[in-house]
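Data first, discussion second: the structure below is written as structure tokens.
The values are calculated or read from the model by the stated rules, or taken from the named source; none is laboratory data. Keep in mind that what you see is a predicted model, and the values were worked out from it rather than measured. Methodologically, a virtual Cβ is constructed for each residue, glycine included, from the backbone with ideal geometry; neighbour enumeration extends over all protein chains shown. SASA here: full protein model, heavy atoms, side chains in, ligands and nucleic acids out. Shrake-Rupley method; radii C 1.70, N 1.55, O 1.52, S 1.80 Å.
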Number of protein chains: 2
Amino acid sequence: MSETTLTAATLTQKLELARSASRVLATTKADVKNAALSAIAKAVVAGASRIIPANDLDLANGRENGLSTGLQDRLRLDEARLASLASAVEEIVALTDPVGQNVRGSTLPNGVTLAQVRVPFGVVGAIYEARPNVTIDIAALALKSGNAVVLRGGSAAENTNRVLVELIQDALESVGLPREAVQTIDEFGREGAKQLMQARGYVDVLIPRGSADLINTVVAESKVPVIETGAGVVHVYLDESADIQMATDIVHNAKVQRPSVCNALETLLVHSSAAERLLPTVLGALRSSGVTIHADERALAIFEDAVVATEDDWTTEYMSLDLAVRVVDDLDAALEHIRTYSTHHTESIITNDLARADRFLAEVDSAVVMVNASTRFTDGGEFGFGAEVGISTQKLHARGPMGLSELTSTKWIVRGSGQVRG
Amino acid sequence: MSETTLTAATLTQKLELARSASRVLATTKADVKNAALSAIAKAVVAGASRIIPANDLDLANGRENGLSTGLQDRLRLDEARLASLASAVEEIVALTDPVGQNVRGSTLPNGVTLAQVRVPFGVVGAIYEARPNVTIDIAALALKSGNAVVLRGGSAAENTNRVLVELIQDALESVGLPREAVQTIDEFGREGAKQLMQARGYVDVLIPRGSADLINTVVAESKVPVIETGAGVVHVYLDESADIQMATDIVHNAKVQRPSVCNALETLLVHSSAAERLLPTVLGALRSSGVTIHADERALAIFEDAVVATEDDWTTEYMSLDLAVRVVDDLDAALEHIRTYSTHHTESIITNDLARADRFLAEVDSAVVMVNASTRFTDGGEFGFGAEVGISTQKLHARGPMGLSELTSTKWIVRGSGQVRG
């Protein structure tokens, strides 16, 4: 263990060490970064005897402090989960290193060449909740893209995270990389998170991962640029001409396959002329899979096996087997509903009318807009990016599924032979 | 004049109108946007009889309030300046519309097609100082890229800006576009600027243009994502092997051609082994052009016609015929100096040593890094982007010269034929 981790460092000292480490990582070749990731994957499995007791301690503290069983489950690491974490890290090894990729370039009439190439951000900050898997996940993504990372996990996972970061640091050292490329600032508590959000110049970008509340707080308070991954109040709109089988399959897949994720369907809109034809079959299939239907008055008149929807239902990301359903007069009304309630994540239209499909794609202002496809396709893995950093619902820098290249910036390389500007 | 501009609108009402207008603009074809820009260019010239009296009033108020002559000059619009503003708008007409451009795409094994296309941000906010040319400039760039824009100019230019915005709105109306696509919120004063920085959900991105103080304030206070254009403490490093003629030409061009801009040279670093060979000629040429040399002790021992540099000189963006000069032991010391004092805008090495050129390009963490070229090439026009929105020194979204495409976001268009996720 290096001297710096033995002495109690101030947060600023830690950030300065992260900055130094980031300079080493920025020019580290892909094979060395991959060796570090493989060492981390091995350490996550081999270190179970250190990780699990620390995790047990956090779980015991959590129970004492009244942590909900749901949060306890997210906090828990066992051997199976560690193995799955390790294999996720191995998958990142297999991805192409984005650093050094040429984005565009040209040669000026005077012979000066321009090349815009991908470079790491430098130091990435992450603020997240008591989910220790995020510690490994974010560290691996940041390292692969050449970034140092400063982690602020939930205090309820502090003991687990400390052990995980030590194992990562040992792995880094084993391949000759600086330990300080991955650091935790959990020991500084809430004050540490606040300082991290103020650390312009030390931290290049901050990624909040977790609840809408956490993300909103970071967005509001941070002076460091933030990459926001947002909630998904995802809509499917069944147009007049929707094929009943296609509508049934897509709605069922979008709602039922994995209801707890952000690309799952939350609100179904149906054209009034098609509601009687479509709703009994579409909603019937959902009821058979245990979905609770929250229907507006007009939907309820057609499909009775439902509860009455309130205004709250249109804004809710259920993340459960619940679906809000509303009958709308036409495409305009559907677009207006989406404009009002969408979180700009993913919306899909089911239609056979080309002009309406085009209008929907053009006018819906979301990261991903679809025609005749399940909203569950909004996913870095499905899009072929390999690992997914998250799904951005902001418009700056990255929008939609974020892969490794979204963890990089660019730099212009200009090569001349003495040219001056005329 | 429409009803909405006759009644006193609240700031929130104005932002809502901007949002509505942005939806129209997002799907407006390039030829209509170009017609609006041509109408604006004509109005800027034809409207001189309204613009210049309003500008005279601002100037008179400015003199009364002790506005410096430099700021008065930036505030002043005369017929020649209006003609030049109009021709800048006509140049934007000639640029390719970035909206709808395909960034990347693919077809998944299941037949689903993905296309990432450029879309406007939506509503762009601009906060700037008493330079009414920025009103026209930003409005034209925003409109061309399909964005509505909300302008907060310096209160010292309030009368001028009000007339300019009315002329722009009339031009928009003349081609059937909503007047509210370009609005000023100057009437709300400083409180308006504060509210604009809090207007998440209404404003998609905020662009501060002006002094470092203004930019820092916006970055610190804004909850809306900011695109930052920064100051340039730009460095040239003369390596041991630098050709004396090339060094002289590039340093002279970088410092003297236009000292008041952000890509002009501010600090010259010289390898100690080459200082005696290079400095007399390089600095002699600058002195002949009236440049004041601020030299460190070692440079002063070689070139006496200079003043003594202090710590402040390393951090100063002179924007004038002044140059800080420092002799460094080697490339490492040059890199260390740049790391400490650079604003991450542009740095150039003059060398014939390939390995050192590569190290400089790899290790200097700036938007633009150069070998054997003048720093004055860091410019949207020189890079072939046409109009320049500014030069970003941040790492998120855009880095270096920003063209029209940097005023856009993207959106994923997914087309299926009933596919669901397995």
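Given Cα pairs under 8 Å that are at least 6 residues apart, what percent is the relative contact order of chain B?
17
Suppose we keep just the DSSP beta bridges with both residues in chain B; what percent of those would be antiparallel, to 5?
30
If the reach is capped at under 16 angstrom between alpha carbons, list the aspartates and glutamates near B:K42, excluding any in the same chain fewer than eight residues apart.
B:D78, B:E79, B:E90, B:E91, B:D137, B:E166, B:D170, B:E173
How well do other chains shield peptide B:106-114, expressed as the mean number of their Cβ atoms within 10 Å of each residue Cβ?
What the average comes to for B:106-114 is 3.
Residue by residue, what Karplus-based ³J(HN,Hα) values in Hz, rounded to whole numbers, does the range A:257-268 have, using 6.51, -1.76 and 1.60 with θ = phi - 60° and x for Gly and Pro?
Once rounded to whole Hz, the list reads 4, 7, x, 8, 10, 6, 8, 6, 5, 10, 10, 9.
Quick check: Cα centre of the range A:36-109 to Cα centre of the range B:144-207, how many Å?
Distance between centres, Cα-based: 46 Å.
Quick one: what are the phi-derived ³J(HN,Hα) couplings along the range B:406-415, Karplus 6.51/-1.76/1.60 with θ = phi - 60°, whole Hz, x for glycine and proline?
Ordered by residue, 3J(HN,Hα) equals 6, 8, 10, 10, 10, 8, 8, 9, 10, 10 Hz.
Mind giving me the FRET efficiency for B:T113 and B:D170? R0 is 51 Å, r the Cβ-Cβ distance, nearest 0.05 is fine.
That pair, B:T113 with B:D170, gives E of 0.75.
Please give the solvent-accessible surface of A:T113 in Å², to the nearest 10, using a probe radius of 1.4 Å with every protein chain present.
It works out to around 50 Å².
Taking the alpha-carbon centroid of each part, what is the distance from the range A:326-376 to the range A:381-422 in angstrom?
Each part reduced to its Cα centre gives a spacing of 28 Å.
Per residue of B:201-211, count partner chain C-beta atoms within 10 Å of its C-beta, then hand back the mean as an integer.
Per-residue shielding by partner chains comes out at 1.
Rounded to whole Å, how close does chain B get to the rotation axis onto A by Cβ? Give me the residue too, please?
B:H397, 2
Go ahead and estimate [θ] at 222 nm for chain A from helices alone: -39,500 (n - 2.57) per DSSP H run with n ≥ 4, summed, over the residue count, rounded to 500.
-13500 deg cm²/dmol
Taking H as built 1.01 Å from N, whose amide H comes closer than 5 Å to the amide H of B:F121, not counting residues under 5 places away?
B:S409
Hey, what's the range A:313-373 come to in accessible area per residue, 1.4 Å probe, Å²?
34
For B:L214, B:L172, write out the residues from largest to smallest accessible area, computed with a 1.4 angstrom probe and no ligands counted.
B:L214, B:L172
How far is B:V32 from itself in the other copies, in nm, if each label sits 7 Å out from Cα along the Cα-Cβ line, shortest first?
In nanometres, ordered from closest: 5.5.
Enter the mean number of other protein chain beta carbons within 10 Å of the beta carbon of each residue in B:375-384, as an integer.
Shielding by partners across B:375-384 averages 4.
Can you compute the charge dipole magnitude of the range B:234-377 about its Cα centre, using +1 on each Lys and Arg Cβ and -1 on each Asp and Glu Cβ, nothing else charged? Give it in debye, rounded to the nearest 20.
Dipole magnitude for the range B:234-377 comes out near 520 debye.
Using a probe radius of 1.4 Å on protein heavy atoms only, what is the accessible area buried between chains B and A, both sides summed, to the nearest 100 Å²?
Summing both sides, the interface buries roughly 5700 Å².
Label position 7 Å from Cα toward Cβ: report the copy-to-copy distances for B:T315 in nm, one decimal, ordered from shortest.
Going from nearest to farthest copy, the values are 4.6 nm.
Relative contact order, percent, of the range A:234-377 when contacts are C-alpha pairs under 8 Å separated by at least 6 residues?
33
Using a 1.4 Å probe on protein heavy atoms, which residues of the range B:396-415 have at least 50 Å² less accessible area in the complex than alone?
By number: B:L396, B:H397, B:R399, B:K411, B:W412, B:V414, B:R415.
Take every Cα pair under 8 Å in the range B:80-169 that's 6+ residues apart, average their separations, divide by the length, and report that relative contact order as a whole percent.
27
Please work out whether chain A counts as rounded, prolate or oblate from its C-alpha gyration tensor, where a ≥ b ≥ c are the square roots of the eigenvalues and a/c under 1.5 means rounded, while otherwise a/b larger than b/c means prolate and anything else oblate?
oblate
For the range A:217-248 and the range B:239-272, compute the distance between their C-alpha centroids and round to whole Å.
If we compute the Cα centre of each part, the gap is 51 Å.
By its C-alpha gyration tensor, with a ≥ b ≥ c as the square roots of the eigenvalues, how is the range A:234-377 shaped: rounded for a/c under 1.5, else prolate for a/b larger than b/c, else oblate?
Here the range A:234-377 falls in the rounded category.
With a/c under 1.5 counting as rounded, go ahead and sort the range A:87-241 into rounded, prolate or oblate using the C-alpha gyration tensor (a ≥ b ≥ c being the square roots of the eigenvalues; past the cut-off, prolate if a/b is larger than b/c, else oblate).
oblate
Report, to the nearest whole %, how much of the accessible area of the protein assembly as shown belongs to carbon and sulfur atoms, 1.4 Å probe, protein only.
Reported share for carbon and sulfur atoms: 50 percent.
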